[in-house]
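Shown next, in structure tokens, is the structure this report addresses.
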Amino acid sequence: MSSGAREREKVFVEHCKGANGLDKVVLREVRGTSAEVYLYGGQVTSWKNEYGEELLFVSSKATFKSPKAIRGGIPICFPQFGSHGSLEQHGFARNRFWSIDHDPPPFPTNSGNKAFIDLILKPSEEDSKIWSHRYEFRLRVTLGPGGDLMLTSRIRNTNTDGKSFTFTFAYHTYLFVTDISEVRVEGLETLDYLDNLKGRERFTEQGDAITFESEVDKIYLSTPTKIAILDHERKRTFVLRKDGLPDAVVWNPWDKKAKAISDFGDDEYKHMLCVEAACVEKPITLKPGEEWKGRQELSAVPSSYCSGQLDPCKVLQGG
Ligand code: TA6
């Protein structure tokens, strides 16, 4: 490894052991922001701001043990979002051990970033029995110099039998919020959505920002590239930017469903909201050799309020 690479490894990227001795990578930036990624599931499980405040939700009852997915952070839903056909709910990528990708193809993104890790997932023989396609799934997790968290997925069809494959996908992001009853989501107004609580029936969202007083499980279709999630209590706004992922899933289990989920604390629904950059309505089909790229970027900014309302123009149209 070159001295320059060693330098980067020393300050920005640390390979270590996490819960239950699972392999983990810690990304650190000079301003004190950090992120953590487990090779199990290729899953981000922590994203902290420069004050050391955790911005993602991970359940206190998360097991960190194969074959169960880690409950929280950013599970990767591939090759399917949802539970239909023979695959398990949300596919199997989040239940597999990924590897460090030491030789990724060049990334056309900002090479100024130093705090990043490249992971790769390829199918095992076992996997081929449940999903018969060959693929290379490359995931880059980057902590930007301003503390932004970026995930870029590149999925290539490497079938040698000439077959295309089709998949759906989501970054199942669990955001930490102070009090779900004081959270609003801007950017999804007036959009159509599929309601998972009503057999995925299609509805149209009303004109106001989305607020929460009961279980919500909605797949918003063809959304804008930017969505704002306002934590009023903390005066913090998350901005989710996405590319290659037209849809967005919004989920809070509320009290009854929370009690029914074994690796989820009964009251934890109060402090989390899933807003998931996804591709659900129109599945992606790749021919052999073709590659798909899907990217999400998360930032957390102080909320500017005037008369209790966030000015959506400022947040959603800003840079
Ligand atoms: O993204 C929302 C959702 O599809 C909900 O329907 C709920 O099932 C949630 O995902 C959690 O799914 P999981 O398989 O992680 O328990």
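The values are calculated or read from the model by the stated rules, or taken from the named source; none is laboratory data. Note that this is a predicted model, so its numbers are computed, not measured. Here Cβ is always computed from backbone atoms with ideal geometry, including for glycine, and neighbour counts include all displayed protein chains. Quick note on the areas: whole protein, heavy atoms, side chains included, nothing else; ligands and nucleic acids left out. Shrake-Rupley method; radii C 1.70, N 1.55, O 1.52, S 1.80 Å.
Miscellaneous remarks
- Here no strands (runs of 3 or more DSSP E) wholly within the range 1-95 include at least 1 residues being over 21 Å from the mean Cα position of the chain (by Cα) and hydroxyl-bearing (Ser, Thr, Tyr).
- Restricting the range 118-146 to residues that are more than 16 Å from the chain's Cα centre (by Cα) and of a type in the set (Ser, Thr, Tyr), the residue that is least open to solvent (accessible area, probe 1.4 Å): Tyr135
- When residues of the range 156-184 are limited to those that are part of a loop (DSSP other than H, G, I, E, B) and polar (S, T, N, Q), the one surrounded by the fewest Cβ atoms within 10 Å (Cβ to Cβ): Thr160
- Note on the range 39-86: residues that are of a type in the set (Phe, Trp, Tyr) and within 11 Å of the ligand (Cβ to nearest atom) amount to 1.
- Screening Gly289 against (1) more than 16 Å from the ligand (Cβ to nearest atom); (2) assigned to a strand (DSSP E or B) leaves a single unmet condition, (2).
- When residues of the range 83-114 are limited to those that are modelled with pLDDT of 95 or more and open to solvent by less than 30 Å² (accessible area, probe 1.4 Å), the one farthest from Leu197 (Cα to Cα): Asp101
- Test: residue in the range 185-196 that is touching a Leu at 6+ places or on another chain (Cβ under 8 Å), open to solvent by less than 10 Å² (accessible area, probe 1.4 Å), closer than 30 Å to Pro104 by Cα and part of a strand (DSSP E or B): no
- Filter result for the condition that a residue is touching a residue at least 60 places away in the same chain (Cβ under 8 Å), among the aromatic types (Phe, Trp, Tyr) and within 16 Å of the ligand (Cβ to nearest atom), over Phe238, Phe264: Phe264
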